[in-house]
Amino acid sequence: MLVLKDKAEVVVPDHQVFRSERLRMDAPSVVRLRYFVKVPYKAHAALTRRAVFARDMWICQYCAAPAENLDHVVPRSRGGSHTWDNVVAACRRCNSRKENREPHEAGLKLARRPFAPPDGFRLSLGQLEPAWEPFLA
């Protein structure tokens, strides 16, 4: 819509084409706004299963096996929260071994501390289009 309203221009086209009765247009992959648009707030990354797996690169944070589950480092039954700094990706074996305990009680050690990702956009996609890399810092 921004391109059609002449508010943005296509920098990198996609491989798809939009067609209407009177118009044929390459689908944009990267657009550049013609003028600055102020965003009143910084969007935070939503805490979703997919985003946690993407942040943790789809590997278990206890043993580096492929992750299949989410795990609360401090179990919710023990006062742990459902927040970025308390949720990690885990394999079924480690998740079952840990159960309702903290990692040190189950003999497990985190590979890295969980954190809130600074770039929720990348996590929401899971994987970036190669054409986007030059435009993302």
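Structure above, values below:
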read-out: Highest-fluctuation residue, L33, L23, L110 considered, GNM on the chain with Cα pairs under 10 Å; value: L23
read-out: Per-pair calculated FRET efficiency, R0 = 22 Å: C63 and N100 via Cβ, rounded to 0.05; value: 0.70
read-out: Which label in (i) 65, 31, 28; (ii) 49, 27, 26; (iii) 37, 36, 33 gives the computed Cα extents along the principal axes in Å; value: (i)
read-out: Added length on full extension, which subtracts the Cα-Cα distance from 0.36 nm per residue, H15 to A116; value: 33.0 nm
read-out: Filtered chymotrypsin sites (Phe, Trp or Tyr not before Pro), the stretch 1-55: DSSP coil and at most 11 other beta carbons within 10 Å; value: Y35, F36, Y41
read-out: Loop sites in the stretch 1-108: trypsin sites (Lys or Arg not before Pro), DSSP, at most 13 other Cβ within 10 Å; value: K5, K7, R22, R34, K38, K42
read-out: Dipole of the chain, positive direction: furthest Cα of N100, W84, F115, with charges on the beta-carbon; value: N100
read-out: The chain, helix-only ellipticity at 222 nm - DSSP H runs n ≥ 4, -39,500 (n - 2.57), divided by all residues, nearest 500; value: -3500 deg cm²/dmol
read-out: Gain upon complete extension [K109, A27; 0.36 nm per residue less C-alpha separation]; value: 24.9 nm
read-out: Taking S77, S96 and counting other C-beta atoms within 10 Å, the order from fewest to most; value: S77, S96
read-out: Positive-end residue, the chain charge dipole about Cα centroid, Cβ charges, pick of A46, L136, F18; value: A46
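Here, each number is a calculation from the coordinates, and none is a lab measurement. Here the structure is a predicted model, which means the values were calculated and not measured. Using ideal geometry, Cβ is built from the backbone for each residue, glycine included, and neighbour counts are taken over all protein chains shown.
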